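Scroll down for the structure; my scribbles are underneath it.
Read the figures in this text as sums done on the coordinates, not as results from a lab. Since the structure is predicted, the reported quantities are computational estimates derived from the model, not experimental observations. Cβ atoms come from the backbone with ideal geometry, glycine included; neighbour counts cover every protein chain shown.
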Amino acid sequence: MAPSADNAIINNNKYNASVKTNFNINCVSDHDFGTQRELLPPAKVAKEMIGAALQKHIGAVNPSECEPGDEDAFFVADIGEVYRQHMRWKNNLPRVTPHYAIKCNPDPVVLRLLATLGAGFDCASKAEIEQVLKIGVDPSRIIYAQPCKTKSYMRYTAKQNVKQMTFDNTDELYKVKELCPDAELYLRILTDDSASLCRLSQKFGASMETTQELLELAKELDLNIAGVAFHVGSGATDSSAFVQAVTDARDVFDRAIDLGFSPHTLDIGGGFVSETFEFTASVLNVALEQHIPSSIRIIAEPGRYYTSSAFTLACNVIARRTVEDKQTGEKSYMLYLNDGVYGNFSSIIFDHQHPVPQILSTRRKQNNYNYALADLSRSTDSLLDSGYTSATEDQHELASGGGKEIEYSIWGPTCDGIDCISESWKSGQTVDVGDWLYFEEMGAYTKCSATRFNGFTDKHETVYVSSEVGASAVLGF
């Protein structure tokens, strides 16, 4: 029989990697589920493990008696999902070496996994470069992908022998000549990122009209143009933007060769979205085959693609306010969580996200994790025995209760009125103080941009699970 949620997690098992962390890491391995795991699709295994980790953690917390901070919001990260995304990348873009964009989520375990799997890293600051170097990554696997760099950081990168870097203007070339003349320079060109979630072209990228001038100045300064770079914007939805960018990049390659340079690398940037990845990859492969010779090395800078779906965030309801419509007598509620837009929901402000709340636990129904992907035909040999429910169960409960939904608005813990997670959310269940909500797809641009505003913490525990044998073996789970 498979283990229950109560014994699926190895408690107080600190992760003794070369990465130093400031929080305890509890590990769950896919091996904990025995041979049963091998019979299930990875998505179902992941659901079981994430649900077990969430329930185990909150089961050890009593908000009415716990120490300050014990009921803080926390993450559950399925490292197996990051592993699957890497294998998916290799299958669909075999010619392109990913350089993970650390800014998206600098989680130390994610970095160690990707480093071991052979990925490179896209860094934009001294701190990011330092973090990668400390886990043993060779400087040749790092690209300083910041076209407008701080001088002191450039001196640091030169000392660390990090040579790959981007530029897009004449002033930057003079800085490179002064501080790191041996750099391998990638000329970042402007792209059409109008269909992207977060546009970058308004800040970075040389127009095609200025590329000749930049190449000629680099030649005059005796600098090394090693390649071309572009970025179609974070969360790109228009694959044709990649096609045009590749076409433009080939033109710049030809110009560089005509001037006597020997460019060897194309950096196609980031912007990859998991939902459309296969289609984008197929379009991109055709463009690369058509325009970029096989002798050219190709790298990319994916971020959210790797981590967005790997992290789930759980939050405690710290307060509730009843709002009554005096004319209709209808009641709605304002829920206040212990995390908000100044914390891990910073993605609402900075990344245009709309996190969807789901009920994890209430006083009436302690195990409320949405187990919809599970094989509901399994009974005693499943973590479903621990009380996880499915969307079907919740719909049945709503129907039996007359179909009445309760409206909530959801707020963060700070004193700022902008700290709103959701203006309107409806549920068939009553949520009260001490209950728990959870949010999926919280692995990109969340904890990396959390603040300590109002004195609330920006350090939240991460519980790691692995739904893939390969990831478990790499990390020693």
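Structure values in brief
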| quantity | calculated |
| --- | --- |
| Amide N proximity, the stretch 325-342 versus Asp416 label position 7 Å along Cα-to-Cβ, cut-off under 19 Å | 336-342 |
| 20 Å Cα-Cα reach of Lys177 towards lysines, excluding residues that sit fewer than 8 places from it in its own chain | Lys126, Lys149, Lys151, Lys159, Lys163, Lys219 |
| Cα convex hull of the stretch 88-307, projected area averaged across orientations, nm² | 10.8 nm² |
| Kirkwood Rh (inverse of mean 1/r, distinct Cα pairs), the stretch 59-120, angstrom | 14.2 Å |
| Sequence-separation-based contact order of the stretch 262-313, relative, with Cα cut under 8 Å and 6+ spacing, percent | 60 percent |
| Over 24 Å (Cα to Cα) - which of Lys326/Lys365; Lys103/Lys459; Lys90/Lys459 fall in this group | Lys326/Lys365; Lys90/Lys459 |
| Relative contact order of the stretch 88-307, defined on C-alpha pairs under 8 angstrom at six or more residues apart (%) | 20 percent |
| Mean-position separation - Cα centroids, the stretch 436-477 and the stretch 41-70, in angstrom | 13 Å |
| Neighbourhood charge, 12 Å Cβ-Cβ cut-off, centred on Gln353 and excluding it, Lys, Arg +1 and Asp, Glu -1 | -2 |
